[in-house]
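To start, the structure under review is shown below, and the notes come after it.
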Amino acid sequence: MSMFTYAGIILGVMVSIYIIAKIFKLSTELSMLAAAIAGGLAGGFRIPARHIAEGAMTYLDINLIFITATLFMNILKESGGVAFVVRRILKRFHRSRTLLFILLTLLLLIPGALTGAGSVTVLITGGMVAVVLNYMGISKVRTTAIVFIIAGLSAAAPPVSLWAMMTAAGVNMPYVGFFYPLLIPCVIAALLTIFILGWKGTGTDIEKAFEELPEPPEKMNWLRVILPFIIFLGLVFIGRQWPHSTPVIGLPLMFLCAAVTSFILSPVKVNFFKISGDTVEQLLPLIGTLTCAGILVQIMTLTGVRGLLAVSTVTLPVIVVYASLFFVLPVSEAVLMWGAAPVIGVPLVLLFNTIGLNPIVALAGMSVIWPLGDALPPTAIIGRLTVEIVGYKESYIRFLKACIIPAIIIMIIGTLMVIYSSELGFLTGL
Amino acid sequence: MADNNVYIRKIILSVLGFLLLIFSGISFYKHRHLEEHVVLGEGVTEVKKLSDYFDGVKGTINDCNIYILEGKEPGATLFVMGASHPEEPAGRLAPWIFVENGVMEKGRLIVVLSANRSGTTVTRLGGGYPPDYTIPTGWGEQKFRMGDRWANPLDQWPDPEVYIHYPSRQNLAYVDIRNLNRAWPGRPNGTLTEKTCYAFMELIRKEKVDIFIDLHEAELQYPVISTIVAHEKGHELAAVVSMVLTDMGEFNMGMEYSPKSLHGLSHREVGDFSDAISLLFEAPEPFLDATRGKTTREQLLTGKDEFIVKAGEHGLLFEKIDENGWPIDVRVGRHTSAVLMTMEIWTEEHPDMSLVCINVPGYAEVIENGIGYYLKDPFRANPERVIIE
Ligand SMILES: [Zn+2]
């Protein structure tokens with residue numbers, strides 16, 4: 001049997017089992033696990049314990065970041081810090097919608113840009129920005145779309161863009177020259193998103209907002225809110241500035257330090273252990289999805305399904321590759337998450353390099369499109385996280401529809417960056 | 001009733017989870033503790049430890065063996081390093097053949113088989129790698145640990161959000177902080193990987209190494225393949241070696257200059273931070289290609305893969321591939337021949353500092369007899385001459 005038939009059959013089995021599991025109302029994570037195990041069995045690997053365990057560990061670090069960052073945000077919320085900040089921002093800036101939008105866009109772009117993870121944006125500033133947007137008269141569904149799209153862009157924004165870094169590492173290209181090719185499209189697309197989706201909202205009803213907003217504890221002040229962030233950013237800064245004289249402590253521990261600071265500074269008594277328990281419970285579906293996505297990718301790689309998808313993508317005619325980027329990249333992200341960079345990104349960048357495009361600008365263009373897939377099943381990690389944090393309760397499809405206009409703009413920007421990458425080569429400054 | 005169901009479901013899932021823990025745990029433990037035997041050839045005059053050169057790696061998993069083959073007559077010193085990337089088996093098996101067979105007539109050879117020893121105890125998360133592979137020999141099979149490109153997180157964790165290389169401060173992807181070939185020249189109080197590189201730099205300086213060769217393999221979709229990457233000090237040597245190898249018609253060997261802007265790589269930093277000439281050899285390893293099909297031991301050792309052939313038909317590869325694949329014997333043979341040729345050309349240019357090695361098979365011989373022919377039976381050898389790698 002040829003490898004194409006073999007991998008094709010396994011892909012078919014995995015997709016069918018996933019659909020059947022979904023029909024039987026199994027959760028996304030269990031459906032992925034079922035598909036992975038079925039793939040292993042169909043491929044003649046029986047139940048490969050080693051590969052299941054190894055795959056499950058793929059996103060361990062990201063899971064730890066999720067847990068510690070959310071714990072930090074939950075403590076901040078519980079101590080009244082979030083309500084305090086929202087009230088102050090509204091009071092100070094409610095007259096100028098434009099200024100507020102620019103300020104909120106910055107708030108959303110910074111955490112993800114620094115850490116490379118859109119989830120961190122959603123967790124750190126997403127919730128707060130959403131509250132402000134709501135009081136600016138923007139519907140919940142549009143608010144969710146704004147937070148999601150800009151969080152995705154923040155992940156692609158420099159200095160840390162994991163897709164660009166991992167793909168660059170995969171083709172042994174130094175991660176240099178990416179700053180402007182990533183920054184410019186991200187900032188433009190983020191501003192377009194917030195203005196297009198937010199402009200039509202009713203005026204800011206400051207009276208009503210203040211009535212509805214929870215009253216922060218009396219002793220709450222800027223210092224108590226900002227100090228934990230300063231601790232976090234300070235630890236990141238120290239690691240960047242003196243990388244060779246400070247120990248590597250990793251993002252999870254940095255978030256934990258911020259959480260503890262916030263706990264100590266809280267003007268009201270906060271139950272640390274209860275919040276910790278609630279946080280893990282809140283995140284369990286996401287952690288489960290990431291863990292099972294890791295298993296799925298591992299089994300796909302083991303059985304050659306991953307290779308089938310990769311080789312099918314890169315052997316399409318170049319015009320078709322260009323025309324399908326807007327579709328292939330988000331879908332690969334939805335299935336593989338960052339795994340999409342080595343699987344699809346590396347062969348595509350090598351293909352672009354071979355046909356004479358500028359690999360840096362082309363990769364930057366791809367990096368802008370990739371995060372759109374974070375709202376799509378099977379994983380839909382950031383999309384679901386955003387829905388959760390913003391507190392949007394209606395249909396997920398409606399949320400996706402709200403994302404369409406900015407998504408199309410981003411797809412066009414990214415695709416044009418790939419096609420005209422040679423002409424845009426000056427952006428790299430190399 | 002519903003509560004009861006949840007209870008039963010939780011018990012069943014816990015039991016399944018526990019079974020997964022046991023079975024995968026056994027596999028991980030066996031992999032990390034798989035003992036590989038090295039039968040010292042008659043040419044090996046001394047076996048040292050990396051910590052003999054730098055105390056900082058003593059007691060760590062990266063305190064690897066240093067095999068020294070002192071020549072009968074004095075000459076230059078050549079250092080050949082394997083398993084800088086432990087997921088590239090030919091880069092490990094070629095120096096293995098030198099240790100078990102080689103005899104230096106002139107000059108001195110230093111060999112390392114597990115440069116990133118930590119990386120030989122882990123496989124790629126999400127990669128589906130086999131934990132080991134076996135080479136058939138005349139006396140049975142010899143089993144080797146398969147490894148990863150990066151050190152085991154059990155030995156070095158957590159990673160930072162971005163890896164800032166020492167001393168250039170170049171920003172690299174965070175995982176590369178565990179990549180031995182991105183950590184050169186290392187530093188004495190750094191991460192385990194940086195300390196390991198520093199220890200090798202100390203070795204290179206203290207043993208007055210003249211030529212340093214780092215053995216690798218690469219995916220076919222990667223432009224730097226089937227080539228020598230040379231530091232500017234080694235341009236002439238590498239150019240002649242690649243020319244002669246290619247002209248002899250055995251196999252094509254390219255030659256590339258080590259870019260000045262790429263930091264942390266051995267071909268750049270070893271040359272910059274020591275007196276040695278630094279060279280890096282790449283052989284083709286289809287197993288590493290992102291478009292590979294089924295990930296198996298067989299693919300690792302035969303290099304046969306329909307998907308990669310398809311990618312090649314579309315002009316996406318930098319090395320040819322057909323239905324015969326890239327067998328491990330061919331890849332190892334490229335490395336042994338290239339190392340032997342480096343000694344030969346060097347000796348022609350430096351008759352007063354010769355490097356002459358005998359009993360090591362070249363390209364044609366390795367292919368004809370297979371690698372297994374050159375691996376010695378540890379159970380029939382003098383136990384004092386058997387080392388655990
Ligand atoms: Zn390598």
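The values are calculated or read from the model by the stated rules, or taken from the named source; none is laboratory data. This one's a predicted model, so the numbers in the text were calculated from it and none came from an experiment. Virtual Cβ from ideal backbone geometry, glycine too; neighbours counted across all protein chains shown. Each accessible area value is taken on the protein alone, full model and side chains, heavy atoms only, with ligands, DNA and RNA left out. Shrake-Rupley method; radii C 1.70, N 1.55, O 1.52, S 1.80 Å.
The distance linking the range A:125-166 with the range B:255-322 is 39 Å (Cα centroid to Cα centroid, whole angstrom). In this structure A:D278 has an accessible area near 70 Å², from a 1.4 Å probe over the protein heavy atoms. Simple rule: put +1 on each Lys or Arg Cβ and -1 on each Asp or Glu Cβ in chain A, find the dipole, and look at A:Y420, A:G152, A:I405; the Cα lying farthest toward the positive end is A:I405. May I ask you to give the percent of accessible area on the range B:20-170 that is carbon plus sulfur, with a probe radius of 1.4 Å? Within the range B:20-170, the accessible surface is 53 percent carbon and sulfur.
Taken over the alpha carbons of the range A:55-181 as equal point scatterers, the Debye sum produces base-10 log I(q)/I(0) values at 0.10, 0.13, 0.18 Å⁻¹ of -0.38, -0.61, -1.01. Taken over the range A:175-304, the percentage of Cα pairs per 10 Å bin, counting from 0 up to the bin with the maximum distance, is 9, 17, 27, 35, 11, 2, 0.
Straight-line cross-link reach from A:K91 at under 16 Å between alpha-carbon atoms covers these lysines, not counting any fewer than eight positions away in the same chain: A:K208.
Counted over the range B:34-388, the DSSP beta bridges are approximately 55% antiparallel. The helix-based estimate of mean residue ellipticity at 222 nm for chain B, built from -39,500 (n - 2.57) per DSSP H run of four or more residues and divided by its residue count, is -10000 deg cm²/dmol to the nearest 500. Classified by the C-alpha gyration tensor, the protein assembly as shown has a prolate form. Its axis ratio a/c, with a ≥ b ≥ c, is 1.5 or above, and a/b is larger than b/c.
Between B:L40, A:P252, A:N134, whose Cα lies farthest towards the positive end of the dipole of the protein assembly as shown when Lys and Arg beta carbons carry +1 and Asp and Glu beta carbons carry -1, centred on the Cα centre? Farthest towards the positive end: A:N134.
Of all lysines in the structure, those lying under 25 Å Cα to Cα from A:K22, and not within fewer than 8 positions of it along the same chain, are A:K393, A:K401, B:K10. Distant-in-sequence amide contacts of B:K49, defined by a placed amide H-H separation under 5 Å and a gap of 5 or more residues or a different chain, comprise B:I66. Per residue of B:287-300, other chain Cβ atoms within 10 Å of the residue Cβ number 6 on average. Comparing the full protein assembly with the isolated chain (1.4 Å probe, heavy atoms, ligands and nucleic acids excluded), the residues of the range A:152-201 losing at least 10 square angstrom of accessible area are A:V160, A:L162, A:M165, A:M166, A:A169, A:G170, A:V171, A:N172, A:P174, A:Y175, A:V176.
In this assembly, the B-A interface accounts for approximately 4700 Å² of buried accessible surface in total, computed with a 1.4 Å probe and without ligands, DNA or RNA.
Dividing the helix sum by the residues of chain A, where each DSSP H run of 4 or more adds -39500 (n - 2.57), gives a mean residue ellipticity at 222 nm of -23500 deg cm²/dmol. A loss of 40 Å² or more of accessible area (1.4 Å probe, protein heavy atoms, ligands and nucleic acids excluded) relative to the isolated chain is seen in these residues of the range A:1-29: A:M3, A:F4. Ordered from longest to shortest, the equivalent ellipsoid semi-axes for the range A:333-430 are 30, 15, 10 Å, each the square root of 5 times a Cα gyration tensor eigenvalue. The Cα-based radius of gyration of the range A:228-299, divided by its Kirkwood radius, gives an Rg/Rh of 1.11.
Residue by residue, the range A:108-121 carries 3J(HN,Hα) couplings of 7, 6, 5, x, x, 5, 6, 9, x, 10, x, 4, 5, 4 Hz when phi is fed to the Karplus relation 6.51 cos²θ - 1.76 cosθ + 1.60 (θ = phi - 60°); x denotes Gly or Pro.
Seen through its C-alpha gyration tensor, with square-root eigenvalues sorted a ≥ b ≥ c, the range B:168-229 comes out oblate because a/c lies at 1.5 or above while a/b is not bigger than b/c.
What residue among B:V332, B:V15, B:V103 has the largest mean-square fluctuation in a Gaussian network model of chain B, using Cα springs under 10 Å? Among B:V332, B:V15, B:V103, the largest GNM mean-square fluctuation belongs to B:V15.
In a GNM of chain B with a 10 Å cut-off on Cα contacts, which of B:N324, B:N152, B:N65 has the highest mean-square fluctuation? Largest GNM mean-square fluctuation: B:N324.
For chain A, what's the relative contact order in percent, using C-alpha pairs closer than 8 Å and at least 6 residues apart? Don't jump to the answer; show the numbers that get you there.
Values: 638 pairs, mean separation 112.3, N = 430.
Reported as a whole number, the value is 26 percent.
Quantify, in whole percent, the carbon and sulfur part of the accessible surface of the range A:35-186 (1.4 Å probe; protein heavy atoms only). Its accessible area is 68 percent carbon and sulfur atoms. Out of every Cα-Cα pair that the range B:93-229 contains, those further apart than 17 angstrom amount to 69 percent. Using the 1.4 Å probe convention, the accessible area of the protein assembly as shown works out to 39 Å² per residue with neighbouring protein chains retained. Across chain B, the relative contact order, built from alpha-carbon pairs under 8 Å that are at least six residues apart, equals 19 percent. Pairs exceeding a 24 Å alpha-carbon distance, out of A:K25/A:K274; B:K106/B:K260; B:K48/B:K106: A:K25/A:K274; B:K106/B:K260. Figure note: A:M337, A:M1, A:M166, B:M248 ranked by solvent-accessible area, largest first, 1.4 Å probe, ligands and nucleic acids not counted: A:M1, B:M248, A:M166, A:M337. Residues of the range B:4-38 buried by at least 40 Å² of accessible area upon assembly of all protein chains, compared with the chain on its own (1.4 Å probe): B:L20, B:F28.
Through the Karplus equation 6.51 cos²θ - 1.76 cosθ + 1.60, θ set to phi - 60°, convert the phi angles of the range B:126-139 into ³J(HN,Hα) values in whole Hz; use x for Gly and Pro. Karplus-based 3J(HN,Hα) across the range B:126-139 equals x, x, x, 5, x, x, 7, 8, 10, 10, x, 10, x, 10 Hz.
What is the ratio of the Cα radius of gyration of chain A to 2.2 N^0.38 Å, where N is its residue count, to two decimals? Could the numbers behind the result be given before it?
Details: Rg = 22.0 Å, N = 430, 2.2 N^0.38 = 22.0 Å.
For chain A, the normalised Cα radius of gyration is 1.00.
Here the Karplus curve 6.51 cos²θ - 1.76 cosθ + 1.60, taken at θ = phi - 60°, turns the phi angles of the range B:359-369 into couplings of 6, 9, x, x, 3, 4, 5, 4, 5, 5, 9 Hz, with x standing for Gly and Pro. Close amide H partners of B:D132, meaning residues 5 or more places away or on another chain with modelled amide H under 5 Å apart, are B:M146.
Looking at the protein assembly as shown, what % of its DSSP beta bridges pair antiparallel, to the nearest 5?
Of the beta bridges lying entirely in the protein assembly as shown, close to 55 percent run antiparallel.
Take the Kirkwood radius over Cα pairs of chain B, plug it into Stokes-Einstein at 4 °C and 1.567 mPa s, and you get 60 µm²/s for translational diffusion.
Shape descriptor for the range A:138-247: Rg over Rh equals 1.09 (Cα atoms; Rh from the Kirkwood inverse mean 1/r). Build a GNM of chain A with springs between Cα atoms under 10 Å apart, and of A:K22, A:K208, A:K140 the one that fluctuates most is A:K208. Computed over protein heavy atoms with a 1.4 Å probe, the carbon and sulfur contribution to the accessible area of the range B:223-362 reaches 52%.
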